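Inspection log for the structure reproduced underneath, given as structure tokens.
The values are calculated or read from the model by the stated rules, or taken from the named source; none is laboratory data. Please read all numbers here as calculations on a predicted model, not as lab measurements. So basically every Cβ, Gly included, is an ideal-geometry build from the backbone, and we count neighbours across all protein chains shown. SASA here: full protein model, heavy atoms, side chains in, ligands and nucleic acids out. Shrake-Rupley method; radii C 1.70, N 1.55, O 1.52, S 1.80 Å.
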Amino acid sequence: LLGDRVSSEDTATLRALAPLVGHWVASRPAPYALVHGDYRLDNLLFPPDGPGVRAVDWQSVSLGLPARDVAYFLGTGLTTLDRRTHEQDLIAAYHAALADHGVTGYSFAQCWDDYCYGMLQVPLIIGYGCAYAASRTERGDRMFAVMIERGCAAIRELGTIAAIRA
């Protein structure tokens, strides 16, 4: 749908992922939580007068691996260089926050593995977005193309395809 906005390398990554989606969705039944599905800056509201954030656009909500939202957020919201530079620290902070909120028995190693595994959320949701958008716009196509580029780079670098096949 995005034509020449998607590189041949990213197209190859997407084609390699396509037959794995069914297995990915059904695997890793635990841990699970409510997953927003499209957790990105466009779907977050920050109040001007205080702390906190509000997530909107819950049309992709499901139960699943919680790290899918984290993977989607970092895999699409950060440049590839920023993700590479900061993702270990950001996942460590996420893991620490889980522990601070009472999550036990969930190691950092498992959290990191779930993050890498959850990166398939990026092309899955982008594919739905492109296919079912009410109307296509230049801004939307550019946004989706950048998100695909960033997500596919993360998928290759984090070994997501190998993890899903394992």
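Below, the figures for the structure above:
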{"item": "The chain - mean residue ellipticity at 222 nm from DSSP helices (-39,500 (n - 2.57) per run, n ≥ 4, rounded to 500)", "result": "-18500 deg cm²/dmol"}
{"item": "By average C-beta atoms within 10 angstrom, highest first, the peptides 58-66, 32-40, 147-155", "result": "147-155, 32-40, 58-66"}
{"item": "Å² per residue, accessible surface of the chain at 1.4 Å", "result": "55"}
{"item": "Rg/Rh for the range 32-105, where both radii come from Cα atoms and Rh is the Kirkwood radius", "result": "0.97"}
{"item": "Local electrostatic count at Arg5 - Lys and Arg +1, Asp and Glu -1, tallied over other residues with Cβ under 9 Å", "result": "-2"}
{"item": "Semi-axes of the equivalent ellipsoid for the range 1-59, Cα gyration tensor, largest first, Å", "result": "31, 21, 8"}
{"item": "Theoretical gain in end-to-end length, Phe108 to Trp58 [0.36 nm per residue, Cα-Cα removed]", "result": "15.2 nm"}
{"item": "Length-normalised contact order for the chain - Cα pairs under 8 Å, 6+ apart - percent", "result": "30"}
{"item": "In order through the range 89-97: 3J(HN,Hα) via Karplus (6.51 cos²θ - 1.76 cosθ + 1.60), integer Hz, x for Gly, Pro", "result": "5, 5, 5, 4, 5, 4, 4, 5, 5"}
